[in-house]
Amino acid sequence: MIGTDISTAKTVLSNNKLVAIPTETVYGLAANALDQKAVTSIFEVKNRPSFDPLIVHIGQIEDVNRYANKVPEVAFQLAKEFWPGPLTLILEKSKDIPYIVTSGNETVGLRMPNHPLTLELLRSLDFPLAAPSANPFGYVSPTTAQHVADQLGPHIEYILDGGACQVGVESTIVKCTGNRVEILRLGGLPVESIEACLGRKVDDIQLSSSNPQAPGMLSSHYSPRKKLIYGNVNQHLESYHPDRVGFLWFDMGKEELADSNQRILSKKGNLAEAASNLFKYLRELDALDIDVILAESLPDEGLGKAINDRLMRASSL
Ligand code: TXA
Ligand code: MG
């Protein structure tokens, strides 16, 4: 069932069943993070491997000290500046967080999402919510309630409809150890903003596709079912009949190509607008009667970095 009723969501979650929740980044598939059985059903419904840990969503900053130990000062500095918002902090877990949530790791990912319905829900509960993106493992993340219903509807008791996600790409994941600040996943909070807050460069950005710390960084993640080629569109265009191609452009399409096969992420060339359209357009192109999606690369700055990262991982080349 889809609806906007927070008390229904609260009842379902309190019975240790699943609710899809809106956030500013993408929709999450949520369960009581403190209940092993409830968390297990998230992995089952998503067909997610058990080695891929879940993010724990909290409603207030005081919860950090409940669910994490020895929290470094720099983590509070970032949380105060960017929460609620598209930032996940990886910290040493407290004993309250079951190992099923963290895939056996001693660390936990904490995030306070910026969506009025979900914040109200979280603040009304006496437990935090474990929630991965509400898509089958490996597929494009959902940015509307309908996306969730289309793919996982029958398996979810309630979908809390909070409209289209404003940011549109997943949170930036930051690991804080002592003074060290490491980016594990590029996302909705630009690295430049984090560095401006810190007044220095981050210590490391782990962009390796073989990084085992965050499977969201695996290549072949975020993929549509159709073949996707990312990079220089013109170079690949010659190899296909244009009717059999879907195009994902940054700010301008081509007049000689059919409009129905083209999506323009932001006609204004605005990276935030581009991010908010990314997954919706990938789904639309995936549904067309075509053989391949050609996606051009975006400017490699701010949110453009996170978008390029998603397209590269969705790409079959
Ligand atoms: O924006 C988001 O982060 C969305 C919304 C729903 O909050 N959630 C999301 O979850 O993208 P998911 O499960 O699709 O991606 C979470 C990523 C995974 O790649 C996982 O490996 C990483 O976070 N992660 C979670 N806990 C971790 C930990 N303790 N150490 C390292 N990586 C962790
Ligand atoms: Mg995901």
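The values are calculated or read from the model by the stated rules, or taken from the named source; none is laboratory data. Bear in mind the structure is a predicted one, so any value in this text is a computation, not a measurement. Methodologically, a virtual Cβ is constructed for each residue, glycine included, from the backbone with ideal geometry; neighbour enumeration extends over all protein chains shown.
Structure notes:
- Of the residues contained in the stretch 121-139, one or more are found to be more than 9 Å from ligand 1 (Cβ to nearest atom), of a type outside the set (Phe, Trp, Tyr) and on the phi > 0 side of the Ramachandran plot.
- Matching residues, the stretch 149-196, being under 20 Å from Ile55 (Cα atoms), more than 16 Å from ligand 2 (Cβ to nearest atom) and among the charged types (D, E, K, R): Lys175, Glu182
- Checked against the criterion of being loosely packed, with under 15 Cβ neighbours inside 10 Å and of a type in the set (Ser, Thr, Tyr), the stretch 238-247 has at least one qualifying residue.
- Whichever residue in the stretch 198-237 is of a type in the set (D, E, K, R) and modelled with pLDDT of 90 or more and, among such residues, is nearest to ligand 2 (Cβ to nearest atom): Lys226
- The lone criterion from (1) touching a strand residue (DSSP E or B) at 6+ places or on another chain (Cβ under 9 Å); (2) in a helix (DSSP H, G or I); (3) farther than 24 Å from Ser223 by Cα left unmet by Gly162 is number (2).
- Restricting Ala314, Ala275 to residues that are modelled with pLDDT of 95 or more and within 29 Å of Pro53 (Cβ to Cβ) narrows the list to Ala275.
- Residues in the stretch 88-118 that are more than 7 Å from ligand 1 (Cβ to nearest atom) and among the β-branched types (Val, Ile, Thr): 4 in all.
- So Ser103, is it within 16 Å of ligand 2 (Cβ to nearest atom) and over 25 Å from Ser7 (Cβ atoms): yes
- Cβ-Cβ under 8 Å pairs, at least 6 apart or on other chains, the stretch 177-204 side farther than 27 Å from Ser276 by Cβ and hydrophobic (A, V, I, L, M, F, W, C), far side assigned to a loop (DSSP other than H, G, I, E, B) and modelled with pLDDT of 95 or more: none
- For first residues located in the stretch 102-125 and closer than 17 Å to Val64 by Cα, partners that are within 16 Å of ligand 2 (Cβ to nearest atom) and of a type in the set (D, E, K, R) and lie 6+ apart or on another chain with Cβ distances below 8 Å form the pairs Pro113/Glu24; Asn114/Glu24.
- Of all residues in the stretch 143-200, those being closer than 26 Å to Leu91 by Cβ and either away from ligand 1 (no atom under 16 Å from the Cβ) or β-branched (Val, Ile, Thr) (or both) number 19.
- Residue within the stretch 128-136 that is touching a Ser or Thr at 6+ places or on another chain (Cβ under 7 Å) and closer than 26 Å to Asp35 by Cα present: yes
- Whichever residue in the stretch 106-143 is aromatic (Phe, Trp, Tyr) and within 12 Å of ligand 2 (Cβ to nearest atom) and, among such residues, is nearest to Ile58 (Cα to Cα): Phe137
- A count restricted to the stretch 268-317 and to residues that are under 17 Å from Ser141 (Cβ atoms), acidic (Asp, Glu) and not in a helix (DSSP H, G or I) stands at 0.
- Odd one out for Gln146, checked against (1) away from ligand 2 (no atom under 16 Å from the Cβ); (2) assigned to a loop (DSSP other than H, G, I, E, B); (3) not aliphatic (A, V, I, L, M): (2)
- Just one of (1) on the phi < 0 side of the Ramachandran plot; (2) in a loop (DSSP other than H, G, I, E, B) fails for Gly104. It is (1).
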